[in-house]
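Here's the structure we're looking at; comments come further down.
Derivation of every value follows stated rules applied to the coordinates shown; laboratory data play no part. This one's a predicted model, so the numbers in the text were calculated from it and none came from an experiment. FYI the Cβ positions are ideal-geometry reconstructions off the backbone, even for glycines, and counts take in every protein chain you see.
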Amino acid sequence: MNTLLEVAEMLRNASTIAITAHVRPDGDAIGASLGLSRLLRAAGKKTTIFDLSPIPDRYRFLLKAGECCEAEAFEFSTADCIVVLDSGAMDRSSPAVAQREETIPVINIDHHLSNTLFGRVNVVDTTASSAGEMVCDLARAAELSIPADAAEALWVAIVTDTGRFSYSNTTPKTMKAAAALLQTGIQTAEINHAIYNAMPLRQLRLQGRALERLETHENARVALVTLSRDDYTELGCTSADAEEIINIPRSLEGVDVALFLHELQGAPETKVGLRTSEGYDAAEFCRSLGGGGHARAAGCSVDAPLDEALKTILEHVHQKWFSV
Ligand SMILES: [Mn+2]
């Protein structure tokens, strides 16, 4: 494992830095990428964020022209290093990373318990709430001040990965990082509104559909919702509209294990999102099924249609946590 000080030194000696994050990026992946890119640009570096897509509509207000591109449009020979943010494994990010790892140093900055240390340089801090918080730590290590446009993006990263400062990953250090971002004068109420209270109708309808599907198991200690490919098609939604769906089963009284199972368009498998209470290791559970994540929040895929995947997952849940 390396340190953020070492990364700061590498970045200081670099002139062009390529940045990416995990596929189907969430608020943290997007916010951390934009935040790092902007603070490095303010320090005089050239940066490009590649393959950060698809960006869910609720985060589009953050984007500025010329920050992001497809890997095909980027001249990798100009890059001194590739920073991969918020990604637990090489295959969780753009294939362009694996294709270049021999020739360009890959810097892996992440907070997932299941991180495989796939980079040439690896900083994995499982106590950090978010990759965004780690970018704040990196800025401090590099003695770089955070400009307001970077602060806006990093705020989004921290707010979304902590569930608006409500999950157990929210620490005093998280709050201090957030306070430093506020200090730059960013309009956090407006940002929060854009993320949480400006949902397109289809997204609320999708939540309604999921709520109708709520079911409980194991004496209501397990709650889950499902969405099929047909649900997405019928409501004109994609999985990018489903980021908050897991909060539906998670919010039910007495639930220790919350699950969201859904079928992705154009893929044969079923995606599984998992949120758990203390004493139920979500990362370990998902790792045993080829996925990964954090202790309280993790995910995996099951190579089967929804009904079959649901059976498999419920059997695993029973075996692992409720069979004695
Ligand atoms: Mn994250």
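Things to note:
- Entry note, the chain: the mean residue ellipticity at 222 nm calculated from DSSP H runs of n ≥ 4, each adding -39500 (n - 2.57), is -10500 deg cm²/dmol after division by the residues and rounding to the nearest 500.
- Neighbour counts of other Cβ atoms within 10 Å put S251, S53 in the fewest-to-most order S251, S53.
- Overall Cα dimensions of the chain, principal axis frame, Å, largest first: 56, 42, 38
- Cysteines, the chain, no other Cys beta-carbon under 4.7 Å: C68, C69, C81, C136, C237
- Largest mean-square fluctuation among L211, L138, L34, in a Gaussian network model of the chain whose springs join Cα atoms under 10 Å apart, belongs to L211.
- Of the three principal axes defined by the Cα atoms of region 263-324, the extents in descending order read 35, 23, 15 Å.
- Inter-label distance, nm, simple model (7 Å from Cα along the C-beta direction), S168/N219: 2.1
- Neighbour-count ranking [beta-carbon atoms within 10 angstrom, fewest first] of M10, M1, M134, M199: M1, M199, M10, M134
- Peptides 110-117, 286-293, ordered by how many other C-beta atoms sit within 10 Å of their residues on average, highest first, read 110-117, 286-293.
- 25 °C / 0.890 mPa s Stokes-Einstein diffusion coefficient of region 164-283, Kirkwood radius on C-alpha pairs, µm²/s: 151
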